[in-house]
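Participant: Pasting a structure below so you can have a look.
Since every read-out is calculated from the coordinates, none of them should be taken as a lab result. Since the structure is predicted, the reported quantities are computational estimates derived from the model, not experimental observations. Glycine also receives a Cβ, built like all others from the backbone with ideal geometry; neighbour counts cover every protein chain displayed.
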Number of protein chains: 2
Amino acid sequence: MKVVVVGGSAAGLTAASTIKRRKPEARVMVFEKSGDVSYGACAMPYNLLQKDKPPESLYALTYKEITEVRGIDYRLYSEVLSIEPQKGRVVVYDRENSRKYIEEYDYLVYATGALANRLPLRGFDLPNAFYFKTLDDLRRVKKFIYEENPKMACLIGAGFINLELADVFKELGMDVVVLEKMDRILPSYEPEIRQKAEEYLKEKGVVVVTSVEVNSFDGSAVDTSMGRVPCDFVVAAVGVRPNGEIIREAGGEIGYKGAVKVNSYLETNLDNVFAAGDCAEHYVRVLDRNLYMPLGTTANKQGRIVGHNIAFPNGKKPFYGINQTSVFKIFDYTVGATGLFTRQLDEEGISWGKSVVDVRTRGAYPGGGKMRVCLLFEKGSGRLLGCQIIGEDVVAKRLDVAAAAIYAGLTVFELAELDLSYAPPYSPVWDPLLVAANQAVKAV
Amino acid sequence: MKVVVVGGSAAGLTAASTIKRRKPEARVMVFEKSGDVSYGACAMPYNLLQKDKPPESLYALTYKEITEVRGIDYRLYSEVLSIEPQKGRVVVYDRENSRKYIEEYDYLVYATGALANRLPLRGFDLPNAFYFKTLDDLRRVKKFIYEENPKMACLIGAGFINLELADVFKELGMDVVVLEKMDRILPSYEPEIRQKAEEYLKEKGVVVVTSVEVNSFDGSAVDTSMGRVPCDFVVAAVGVRPNGEIIREAGGEIGYKGAVKVNSYLETNLDNVFAAGDCAEHYVRVLDRNLYMPLGTTANKQGRIVGHNIAFPNGKKPFYGINQTSVFKIFDYTVGATGLFTRQLDEEGISWGKSVVDVRTRGAYPGGGKMRVCLLFEKGSGRLLGCQIIGEDVVAKRLDVAAAAIYAGLTVFELAELDLSYAPPYSPVWDPLLVAANQAVKAV
């Protein structure tokens with residue numbers, strides 16, 4: 001059996017590793033366009049804080065581990081130019097040796113990831129204009145920061161990447177302005193959570209300007225609909241899009257928001273071709289349909305499922321799906337959500353209610369802080385549908401309790417009955433989630 | 001309606017508050033033997049670290065809030081000497097005025113808590129021999145520590161209270177010896193967890209001696225089966241027992257391990273008499289029967305149920321029960337468990353398996369550490385039955401994810417499918433619980 005994997009990042013490498021673990025005799029080739037093996041992209045912002053820790057420290061595995069220990073034929077600087085599904089082969093371009101060659105496959109894993117949207121504006125190709133999607137982007141930003149010692153950063157787009165970068169740049173002593181085209185940040189979140197995030201960013205000295213249009217960048221200032229914003233550099237993080245080009249050209253079907261359409265086994269419409277990770281659709285369990293929410297955890301999980309399904313074609317497993325869980329850090333706050341957002345609930349025609357509570361995070365023990373918990377639930381039944389939290393101390397793993405509850409189909413009545421751990425260093429007697437659940441119970 | 005509450009701690013005060021909130025016209029009298037209103041006993045060890053923070057800072061509410069704001073007739077130094085259920089009345093002893101009086105009731109809440117076991121040994125009544133159950137105990141220990149400046153503590157019993165105290169006393173610069181009669185510490189936990197705790201305590205310089213019999217204390221040393229252990233003071237924490245004496249004398253039925261027998265509505269066998277908190281039995285949901293596990297969270301929950309059931313006798317709610325969740329801190333480690341222990345699984349005749357994994361707690365982000373996760377599950381079905389964790393970083397709220405999963409009856413297959421939050425400051429891509437679940441799946 002010969003497997004070709006297009007893209008050697010999280011989903012691709014995980015699929016390849018799973019196949020080799022289950023079927024050591026399989027030949028598995030991975031073609032990675034860049035010069036980097038799979039890395040933990042989510043940690044890129046924090047690498048900026050560690051001057052002496054090279055970007056390569058984010059590699060998931062060394063090249064040697066991938067090739068020698070795992071036995072994967074992993075080829076860097078190797079771009080798959082086209083897929084020929086009828087012939088079961090791909091055309092590969094070897095950038096190091098400037099040559100093209102053909103490889104046949106029994107199975108193909110399409111795992112090309114996502115591409116950062118570019119700003120088609122004047123000046124965003126200047127040396128001090130950056131994106132922040134790839135390890136090369138990190139290298140460029142890091143070099144610039146430590147060589148040029150900039151004082152003022154202008155971040156375009158108020159998504160979680162730029163909010164994480166705002167945190168990092170402030171910690172590095174810079175002033176930070178964030179410019180957002182929409183009239184709000186964190187648009188999917190409830191107003192109570194968004195407002196708290198805005199207040200906190202302000203408190204931390206990050207200037208967030210909303211409803212502002214960016215026109216151009218001249219190297220020392222951004223020209224906007226609200227005037228000139230001087231800065232030493234810009235980082236544009238204005239969303240990503242699934243990289244489906246090669247497979248589309250080969251007749252692959254495209255689904256939700258440009259992502260490669262997959263069935264429950266992560267098979268595409270092309271014979272023996274699977275897709276996984278940031279280029280593919282993602283099954284949302286509670287909606288029972290595919291959406292698009294590119295995240296590292298999902299890429300890993302889908303990669304593992306694809307690997308299994310290629311190794312055991314007669315014992316295929318469906319991808320069990322996601323709960324739209326995501327979380328990020330801004331300074332000492334954590335912001336995150338799991339489950340559905342109210343926009344989705346409205347689209348589904350679900351009658352929903354919510355509870356919002358502000359609570360302390362610990363008992364009589366030094367440290368800790370406050371958090372705001374928002375639960376979304378179905379009116380009438382009380383079924384828990386979503387949870388959003390912002391604040392200090394342990395936010396992420398409290399979201400996970402809600403993620404488990406939503407997975408299991410629990411109601412807020414049941415959530416209120418959970419025996420959650422209590423000791424003063426970790427929680428008040430009534431955990432914030434229980435306080436929110438007790439509040440929700442009254443509003444069902 | 002007139003309600004008499006015997007004992008004004010967590011369960012009693014919560015019951016009283018719930019009744020007043022639901023039925024403001026009810027007359028609610030609380031008789032509290034001590035001079036302290038309800039306090040957060042779990043935070044007592046940490047109050048020792050805060051020299052200038054008085055023990056009274058642990059009060060859940062001020063006396064004024066209880067009486068004036070909540071409208072509860074809360075009487076300190078008031079001991080209920082006997083209950084006369086046929087007559088629907090209690091005999092109260094007013095210790096301040098040395099007088100007895102009688103109060104009638106429509107409903108009675110028995111919430112007398114637990115008593116610390118005493119060591120019936122010579123020397124344990126000396127001024128430098130302590131227990132650590134009540135706020136008065138805290139006062140005595142704190143006074144001694146800050147006035148006498150002791151250098152060496154001997155703790156008798158290796159339960160979680162003494163392990164928390166070992167942590168606190170070390171932080172205060174003392175040497176600490178813990179003497180345990182049994183051949184192990186944390187006897188309910190799996191060997192893999194226990195062993196880790198032992199190693200860690202040793203690393204932290206706490207001397208834990210097991211299989212040792214204590215004979216006596218002479219004020220400057222403990223005489224044991226292994227020889228003389230010199231010390232400046234001793235704290236004995238050798239378990240607690242439910243305080244069921246008064247109700248038993250009144251004909252109240254005693255159930256599991258001396259706790260007051262209650263039905264699902266927390267009613268005792270006496271008419272209109274409820275029991276809640278550390279004196280009562282505790283329903284364990286997954287076993288569908290009452291056991292005894294005195295904890296502050298449970299006392300609060302039971303108090304609330306009792307309050308509801310007295311306020312709404314025609315709309316009574318059953319106590320939904322506990323999952324045996326508990327957690328405590330030793331230095332930078334957290335130790336905790338939820339669900340059933342293997343001793344219980346064996347008693348139930350359940351065929352069980354386990355997975356144990358050692359994992360890092362974060363992604364590529366400074367800080368964090370390692371934790372060991374142990375999952376217990378039913379062989380064959382894979383139903384999750386228990387989770388024990390020891391280690392650094394966020395342990396408690398990861399236990400809560402398992403608590404939610406056990407409540408919902410999830411299997412380890414399902415646990416492995418949870419969409420748990422990931423960002424490098426909070427978790428590796430595969431959360432430790434997912435790693436443990438993936439391991440468990442192979443052993444079902």
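Participant: Please report the antiparallel percentage of the DSSP beta bridges confined to chain B, to the nearest 5.
Facilitator: That works out to approximately 65 percent antiparallel.
Participant: Run the lone-cysteine check on chain A: no other Cys C-beta under 4.7 Å from the residue's C-beta.
Facilitator: Within chain A, the cysteines lacking a partner Cβ under 4.7 Å are A:Cys42, A:Cys279, A:Cys374, A:Cys387.
Participant: Let me ask you something else. With charges set only on the Cβ (+1 for Lys and Arg, -1 for Asp and Glu), what does the dipole of the protein assembly as shown come to about its Cα centre, in debye to the nearest 20?
Facilitator: 620
Participant: Tell me the distances, shortest first, between A:Tyr146 and the same position across the other copies, using label points 7 Å along Cα→Cβ, in nm to one decimal.
Facilitator: For A:Tyr146, the inter-copy label distances come out at 4.9 nm.
Participant: Right, next: Give me the extension gain from A:Asn149 to A:Gln50: residue separation times 0.36 nm, minus the current Cα-Cα distance, reported in nm with one decimal.
Facilitator: 34.2 nm is the gain from fully extending A:Asn149 to A:Gln50.
Participant: I've got another one for you. Could you work out, residue by residue across A:409-417, how many beta carbons of other chains sit within 10 Å of that residue's beta carbon, and then give the average as an integer?
Facilitator: Per residue, the average neighbour count from other chains is 2.
Participant: List the GluC sites (Glu not before Pro) within the range B:51-138 that fall in a DSSP loop (any state other than H, G, I, E or B) and whose Cβ has at most 11 other Cβ atoms within 10 Å.
Facilitator: Passing both the DSSP loop test and the Cβ count: B:Glu96.
Participant: Mean residue ellipticity at 222 nm from the helices of chain A, using -39,500 (n - 2.57) per DSSP H segment of n ≥ 4 over the full residue count, to the nearest 500 deg cm²/dmol?
Facilitator: Value at 222 nm, helices only, nearest 500: -7500 deg cm²/dmol.
Participant: Further question on the same structure: Output the relative contact order of the range A:326-441, whole-number percent, from Cα pairs under 8 angstrom with separation of 6+ residues.
Facilitator: This gives 30 percent for the range A:326-441.
Participant: Of all DSSP beta bridges in the range B:1-74, what percent run antiparallel (nearest 5)?
Facilitator: Of the beta bridges lying entirely in the range B:1-74, close to 10 percent run antiparallel.
Participant: Rounded to the nearest 5, what % of DSSP beta bridges with both residues in the range B:85-220 are antiparallel?
Facilitator: 40
Participant: So who's got an amide H within less than 5 Å of the one on B:Val273, skipping anything under 5 residues away but keeping other chains? H placed 1.01 Å off N, in plane.
Facilitator: Excluding prolines and chain starts, which carry no amide H, the hits are B:Leu108, B:Thr268.
Participant: By counting other Cβ atoms within 10 Å of each Cβ, how are B:His308, B:His282 ranked from fewest to most?
Facilitator: In order of increasing Cβ crowding within 10 Å: B:His308, B:His282.
Participant: For the range A:147-240, which chymotrypsin sites (Phe, Trp or Tyr not before Pro) are both in a DSSP coil and crowded by at most 12 other Cβ atoms within 10 Å?
Facilitator: In loop regions of the range A:147-240 (DSSP not H, G, I, E or B), there are no sparsely surrounded chymotrypsin sites (Phe, Trp or Tyr not before Pro).
Participant: Moving to a separate point now. How high is the relative contact order of chain B? Use alpha-carbon pairs under 8 Å, at least six apart in sequence, and give a whole percent.
Facilitator: Worked out over chain B, it gives 14 percent.
Participant: Counting just the Cα atoms, what span does the range B:333-441 cover along each of its three principal axes? Round to the nearest Å and put the largest first.
Facilitator: Extents along the principal axes, in whole Å: 45, 26, 20.
Participant: Sort A:Ser211, B:Ser17 so the one with the fewest other Cβ atoms within 10 Å of its own Cβ comes first.
Facilitator: Fewest to most other Cβ atoms nearby, the residues stand as A:Ser211, B:Ser17.
Participant: Taking neighbour counts of Cβ atoms within 10 Å as a proxy for exposure, in what order, fewest first, do B:Asp400, B:Asp136 appear?
Facilitator: Lowest to highest Cβ neighbour count: B:Asp136, B:Asp400.
Participant: From the Cα gyration tensor of chain A, with a ≥ b ≥ c the square roots of its eigenvalues, which class applies: rounded if a/c is under 1.5, or else prolate if a/b is larger than b/c, or else oblate?
Facilitator: oblate
Participant: Looking at the range B:17-82, which chymotrypsin sites (Phe, Trp or Tyr not before Pro) are DSSP coil and have at most 16 other C-beta atoms within 10 Å of their C-beta?
Facilitator: B:Tyr77
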